[in-house]
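Beneath this line is the structure, given in structure tokens, with notes to follow.
The values are calculated or read from the model by the stated rules, or taken from the named source; none is laboratory data. Worth saying up front: this structure is predicted, and the values here are computed from it rather than measured. Note: ideal-geometry Cβ built from the backbone for every residue, glycine included; neighbour counts use all protein chains shown.
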Amino acid sequence: MDTAKFPGSYESLEKISDFVGKAAQEAGLDRQAVYAVQLAVDEACCNIIEHAYGGEGIGDLQCTVRVGQGELTVILRDKGRPYRPKAIRSPRLNLPLARLKPRGVGLFLIQKMMDQVTYETSPETGNVLTMVKRCNPAFSPPDRASQSTG
């Protein structure tokens, strides 16, 4: 499990994407799944910066990645305003393109890109968004302790 802290700014998004992308590759995800993880995390981080903090430079983002048995878990923590996921309406994707709103599909996108998404908040821990992407069931991450270097 690796954890890194990033400033809550849009300039951090590339570094966060690289951080989770490396873990996704380590977990054995294919290129398409790595991209899905990066896209979901990018969207979640943008939402944290914009909605939880109300702008850039107000707080930090903590990102934890965990390569598990056949899956990658990404945990984002922040100390911004909590949100109520149930209060967010599903986007109306059946509308003609000209009538679609350019915003409001972030949570929907995150849920479609990842296999499992949970959100918790408390005064002690702040906001905790946990996202899981499952790997190919036949894949088993290598046991680093048993790998030889010579």
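Quick one: how many residues across segment 1-12 are at pLDDT 95 or above, surrounded by fewer than 18 Cβ atoms within 10 Å (Cβ to Cβ) and not in a strand (DSSP E or B)?
So the count comes out to 3.
Only one residue in LEU39, LEU93 is out of contact with any strand residue (DSSP E or B) (no Cβ under 7 Å at 6 or more places or on another chain) and either surrounded by 20 or more Cβ atoms within 10 Å (Cβ to Cβ) or modelled with pLDDT of 95 or more (or both), so which one is that?
LEU39
For segment 23-55, how many residues meet the condition of being in a helix (DSSP H, G or I) and without any contact (Cβ under 8 Å) to a residue 12 or more places away in the chain?
Number satisfying all stated conditions: 5.
Just one of the numbered conditions (1) modelled with pLDDT of 95 or more; (2) farther than 18 Å from GLY126 by Cα is not true of VAL67; which one?
Evaluating VAL67 over (1) modelled with pLDDT of 95 or more; (2) farther than 18 Å from GLY126 by Cα leaves (1) as the failure.
Does ILE58 fit the bill of being farther than 20 Å from LYS112 by Cα, assigned to a loop (DSSP other than H, G, I, E, B) and either at pLDDT 95 or above or of a type outside the set (A, V, I, L, M, F, W, C) (or both)?
yes
Go through the residues of segment 60-78 one by one and say whether even a single one is surrounded by 15 or more Cβ atoms within 10 Å (Cβ to Cβ), within 13 Å of the chain's Cα centre (by Cα) and closer than 20 Å to PHE108 by Cβ.
Yes, segment 60-78 contains a residue that is surrounded by 15 or more Cβ atoms within 10 Å (Cβ to Cβ), within 13 Å of the chain's Cα centre (by Cα) and closer than 20 Å to PHE108 by Cβ.
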